[in-house]
1. Quick one: would you say R326 is modelled with pLDDT of 95 or more, within 12 Å of Q263 (Cβ to Cβ) and not hydrophobic (A, V, I, L, M, F, W, C)?
2. Here are V311, V315, V306: which of them is crowded, with 19+ Cβ neighbours inside 10 Å, aliphatic (A, V, I, L, M) and not in a loop (DSSP other than H, G, I, E, B)?
3. Would you be able to tell me the number of residues in the range 23-66 that are in a loop (DSSP other than H, G, I, E, B), surrounded by fewer than 21 Cβ atoms within 10 Å (Cβ to Cβ) and either of a type in the set (V, I, T) or without any contact (Cβ under 8 Å) to a residue 24 or more places away in the chain (or both)?
4. When you go through (1) over 14 Å from the mean Cα position of the chain (by Cα); (2) touching a residue at least 40 places away in the same chain (Cβ under 8 Å) one by one for E235, which number turns out not to apply?
5. Do any residues in the range 90-113 that are assigned by TED's automatic domain parsing to the domain that holds F219 have Cβ atoms under 6 Å from those of residues that are polar (S, T, N, Q) and in a loop (DSSP other than H, G, I, E, B), where the two are at least six apart or on different chains, and which pairs are they?
6. Taking the options T43, T20, T29, T3, name whichever one is more than 27 Å from the chain's Cα centre (by Cα) and β-branched (V, I, T).
7. Are there helices (runs of 4 or more DSSP H) fully within the range 162-217 with at least 2 residues that are touching a residue at least 12 places away in the same chain (Cβ under 8 Å), within 17 Å of R53 (Cβ to Cβ) and over 14 Å from the mean Cα position of the chain (by Cα)? List them.
8. Just to confirm my filter: which helices (runs of 4 or more DSSP H) fall fully inside the range 220-291 and include at least 1 residues that are touching a Gly at 6+ places or on another chain (Cβ under 6 Å)?
Amino acid sequence: MFTLVLLIPVVSGSIFSVLTVLATWRFYTRRVSESAAPLPPLTVLKPIYGLDRELEPGLRSFCEQDYPELQIVMSLQRRDDPALPLLRTLEAEYPERVTVVIGESPPSVNGKVQNMVIGMTAARHQHLVVSDSDVFAPRDYLKRMVAPLADARIGFVCSLYRIRGARNVAERLDLLSINADFMPSVIFTYMTRAAIFCLGASIAFRRSDLEAVGGMGAFADYLVEDHELGRRLHERGLDVRLLPLTIDLTPDYADLGAWWRHQVYWDQNTRAANLPGFALTILTRAVPFALLYALASGLSGAGLAVLTASVALRVLCAALVAAIQRDFETLRTLPWLPLRDVLALASWALALTRNTFEWRGNTFKLTRGGRIVPRDGTP
């Protein structure tokens, strides 16, 4: 009976892998009309904390966007932030576009939101794009992000993102976590309308809608501020548009330990955003349960056949998704996917039970409802 139970996620996870291929194919081949309305003035919020790997080329990709009227607000919480000299250089090179804002603010809750609250004090325009500091974007990125907001029914626009430039095993595992696991799931969710989502690494929305749901400061004590923003906008009757547009993020992990801590933190984010959905993702984890089935069967011929078939189907489906997206780095990294999937089951289990996390060297406690407090605080 135990071994038969192990086969449930093997079967359901294999079916899910096939469905992500179909959803991705449909997502990229469907025809979506584009608005021809004039592009409105735009403010981009760039929360900065430290010198991320490839920070300069990422920021320059925004400074050089093909967009008519653009303000880029780069916000910091520390006057001694090592990124400040670079930001001052960009401010001098692009004085019509770049605004640097500093607000001394020791991290107390969600550090990214704290940065964006600082940035909002200098934001001039009604249309906003939030983009993480480590993002590299194509020159037409902002045009494509903002155009759907001409439709009053669209409340927020997200793009896909992918990890690029993995240098070691830890960064390859991170690449697979995003490119071969999370992003295909996002596309499936969008195409099936299975759940609400909002991708904070790349999101466009209107300032008036943000203020209608409480303003930026209302999300300061949420671990997953982007999901909460999307949820509130959706409650106002506004819809999401996910674009077949991909931006690049650069990983920066010195060793497996750094990646593992971030992986658990990532799973804690998913848990905080949607606990029932996160718990049910156990049914999509075919490879680790196929391994458990093979071990429980004493490495029998049937057990090894199930494991081999599960790994082969998982890698094949991931390869098809990557091929549709022309993601050649992910294709080269797929031999590491079975290991990543096995480790993902362990991080999933740990995230279900762990209620503390670290951000920029500070420890916080995760409370019910996805809210966070300092570790010595009270919910």
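The values are calculated or read from the model by the stated rules, or taken from the named source; none is laboratory data. Quick caveat: nothing in here was measured; it's all calculated off a predicted structure. Every residue, glycine among them, receives a Cβ derived from its backbone with ideal geometry; neighbour counts consider all protein chains shown.
1. no
2. V306
3. Here the count works out to 6.
4. (2)
5. From the range 90-113, the pairs are S105/Q77.
6. Answer to the check: T3.
7. By residue number, 169-176.
8. Values: elements: 225-235, 256-273, 275-280.
Fully inside the range 220-291 and qualifying: 225-235, 256-273.
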